[in-house]
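The structure appears right after this line, and notes come after that.
The values are calculated or read from the model by the stated rules, or taken from the named source; none is laboratory data. Computed from a predicted structure; not experimentally measured. Here the Cβ positions follow ideal geometry from the backbone for every residue, glycine too, while neighbour counts run over all protein chains shown. Side chains included, ligands, DNA and RNA excluded: accessible areas come from the protein's heavy atoms. Shrake-Rupley method; radii C 1.70, N 1.55, O 1.52, S 1.80 Å.
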Amino acid sequence: MAPVDPHSYTDSAHPLTTHVSLSLYFDFPSSTIHAAALLNLSSPYTGQLSLDARSLTVHGVLDPQTLAPLPFTLSPPDAVKGSLLSVALDSHASVLILYSTSPDSSALQWLSPPQTFNKTHPFVYTQCQSIHARSVFPCQDTPAARICYSAKLNVPRELSAVMSARHSGRRDPVAGDVSEGFKKVDSAAALNFESLWCGDGRVVEEFVMEQPIPPYLFAFAVGELGSREVGPRTRVYAENVAAVLDSAASEFAGTEDMVRQGEKLFGEYPWERFDLLVLPPSFPYGGMENPRMVFLTPTVIKGDASGAQVVAHELAHSWTGNLITNINNEHFWLNEGFTRYAERRIVEVVQGEERAILSMGIGWRTLNEAMERFKDNMEFTKLKTNQEGIDPDNVYSQVPYEKGFQFLARIERQIGRPAFDEFIKKYIENFKFKSIDTDTFLEFLKANVPGIEKEVDLKLWTEGTGIPPDAYEPVSDLYTTIVSLANEFKLGRMPREDEVANWRGQEWELYLENLPKCVEASQVLALDARYRMSESKDYEVKVAFLQMAISSKCRDYYPEVEKTLKEVGRMKYLRPLYTALVQGSGNEEEKILAKRLFAEARECYHPIAQGVVESILAKHL
Ligand SMILES: [Zn+2]
């Protein structure tokens, strides 16, 4: 009896779930899902089976064959892991759980019509990484337990549903959809379930996922959706607003080229479809690599190369992350470091080496900033981390991405690109559909690249803190020019217009990243007077500028800060802006502003982002 994951109640002595069948009834007025989950285990089990649950109301647990009730207990929630749902089994290989989600389910954001683009229909979507699938259905919520699933989503007829799974049909609901078990359970939700399910104006969307995935890749969205074809295996979905769909379709027109490039690097694309879903602006991440259907923030649609780089990243996850998965979040770099490396290899081919080097340069800056953020908590500057008692959302950073990238780039420099490419292909082939840890990777590396441990200090890279001395700051003419222009700003010289004539968002982002965080307010005003960054449509540029404006106490820009924090919910922007407002001393006005803005904007953020902002405010106020 041992835990397999610091973030899950899953027990190593228990059989793992292999398949889940879900029936989900979406009740938009109450922001609740009433549901049945049938879990199939890898073998029959006798004893207490441990499952993860978070803010679920469990109406009953039944033997799916006999519909006899099975005794269960639901523990009070742990702050990080949520509740332990413990079910008494007696040679059972499956279990049926009838439950409802809560309106504050941490994976789900329920948007009222005014919070959407089209303003006329509600919308709901999931974000299950890292440990939020348990707030949608009870499960062994660890990447160590890979599951296949099928799902019936009962939604209002005017809406449609998409999932990270194959769509197998849309039809009228029938009474037989509803588990007989619901009739055996004595609770209000259960009594009404069949009449709810077959109610007027409802439709059932069916999905099936036949490839085993870690639970954090379970995903759906329900709303008034439209789509555009952009490639032989790619359709872009978004709310059914022509302007949104058209701009998304043109932004992502080059997707098929990237998929082909990914295949050259890693082997055949393993998930059949590579569809994209553009979400409302509250989506907390840049993208989420849900298999078959990547979820994206609308902030990546800006008509330049960086939107495609986010897609390249999520695409690369199709192999590194989704096919080979970190066994738990302590080894998150295996997902993100590999994917950042692969993303840049794809970018290098489809956008050119210069773009890839700019991306590395921005990464180098963010890695150094992450080191600064964790200077009092060096554990999280390691690749392999100890996350016992730690909420992964609170320590999410660019370290696993950029230090992981640096580690792999270091190995590549040692053995040369052809050998490294061959190694990656072998690695993927060997571990596909498996969840692994850092030591497993290192053993495989040493076995396939003999003597590597004598050339590269593998232990220092994976277990050491900080940035190893053999990490590598990228160099190119453009990169060097931008960094030296940023250094000249510190001496009072602003770049001339001819020097920045060809700059796009990424050049400006790198320039701003290399400026001191705090300068004279007059310098902030002068820079913006010439280059209008506070009005940039590119949030990377705008947010980097506003962050400097706040740190420099240039209060002219606070209305723009307010506007930005109220129109987007991507944590990449919320984190630096709220942090700049509340950290340090002598900024009482800024702290009051932060509190007010969060109170007013909170509802527009996904629950994960709400939690992250709360923890930033709690740390500094
Ligand atoms: Zn990623």
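Take Leu383 and decide whether it is open to solvent by less than 30 Å² (accessible area, probe 1.4 Å) and within 15 Å of Ile467 (Cα to Cα). It is true that Leu383 is open to solvent by less than 30 Å² (accessible area, probe 1.4 Å) and within 15 Å of Ile467 (Cα to Cα). Residue check: Arg417 meets all listed conditions (1) surrounded by fewer than 19 Cβ atoms within 10 Å (Cβ to Cβ); (2) within 16 Å of the ligand (Cβ to nearest atom) but one, namely (2).
Quick check: anything in segment 7-20 over 24 Å from the mean Cα position of the chain (by Cα) and free of Cβ contacts under 8 Å to residues at least 12 places away in the same chain?
Scanning segment 7-20 turns up at least one residue that is over 24 Å from the mean Cα position of the chain (by Cα) and free of Cβ contacts under 8 Å to residues at least 12 places away in the same chain.
In this entry, Glu348 is excluded by the filter for residues that are open to solvent by less than 10 Å² (accessible area, probe 1.4 Å), acidic (Asp, Glu) and either touching a helix residue (DSSP H, G or I) at 6+ places or on another chain (Cβ under 6 Å) or within 10 Å of the ligand (Cβ to nearest atom) (or both).
Any chance segment 61-72 includes a residue that's touching a helix residue (DSSP H, G or I) at 6+ places or on another chain (Cβ under 7 Å) and small (Gly, Ala, Ser)? No: zero hits. Within segment 560-575, is even one residue more than 22 Å from Val310 (Cα to Cα), surrounded by fewer than 21 Cβ atoms within 10 Å (Cβ to Cβ) and more than 26 Å from the chain's Cα centre (by Cα)? Yes: one or more hits. Take the conditions (1) in a helix (DSSP H, G or I); (2) open to solvent by 10 Å² or more (accessible area, probe 1.4 Å); Ala594 misses just one of them, which is (2).
Remark: pairs (first residue in segment 457-479, open to solvent by less than 50 Å² (accessible area, probe 1.4 Å); second residue of a type in the set (A, V, I, L, M); Cβ separation under 6 Å; 6+ apart in sequence or on different chains) = Leu458/Leu442; Thr462/Leu383; Pro468/Leu460; Pro474/Ile357; Pro474/Met360; Ser476/Ile357; Tyr479/Ile357.
Okay, residues lined up against (1) crowded, with 22+ Cβ neighbours inside 10 Å; (2) not charged (D, E, K, R):
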site	(1), (2)
Ser8	yes, yes
Ser21	no, yes
Ala35	yes, yes
Leu41	no, yes
Tyr45	no, yes
Ser55	no, yes
Leu67	no, yes
Pro77	no, yes
Lys81	yes, no
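The test for being hydrophobic (A, V, I, L, M, F, W, C) and in contact (Cβ under 8 Å) with a residue 40 or more places away in the chain does not hold for Leu70. Could you say whether any residue in segment 384-395 is within 30 Å of Glu268 (Cβ to Cβ), away from the ligand (no atom under 16 Å from the Cβ), out of contact with any strand residue (DSSP E or B) (no Cβ under 8 Å at 6 or more places or on another chain) and not aliphatic (A, V, I, L, M)? No, there is no match, as no residue in segment 384-395 is within 30 Å of Glu268 (Cβ to Cβ), away from the ligand (no atom under 16 Å from the Cβ), out of contact with any strand residue (DSSP E or B) (no Cβ under 8 Å at 6 or more places or on another chain) and not aliphatic (A, V, I, L, M).
Among the residues making up segment 101-149, those that are part of a strand (DSSP E or B), more than 19 Å from the chain's Cα centre (by Cα) and within 23 Å of Pro77 (Cα to Cα) are Thr101, Cys139.
Taken over segment 306-339, the residue count meeting the criterion of being at pLDDT below 95, open to solvent by 10 Å² or more (accessible area, probe 1.4 Å) and more than 10 Å from the ligand (Cβ to nearest atom) is 3.
Filtered by the rule that a residue be more than 27 Å from the chain's Cα centre (by Cα) and within 16 Å of Asn514 (Cβ to Cβ), segment 527-549 gives Leu527, Tyr531, Met533. Of the helices (runs of 4 or more DSSP H) lying entirely inside segment 473-573, those containing at least 1 residues that are farther than 30 Å from Arg410 by Cβ and not acidic (Asp, Glu) span 477-490, 521-531, 539-551, 558-567.
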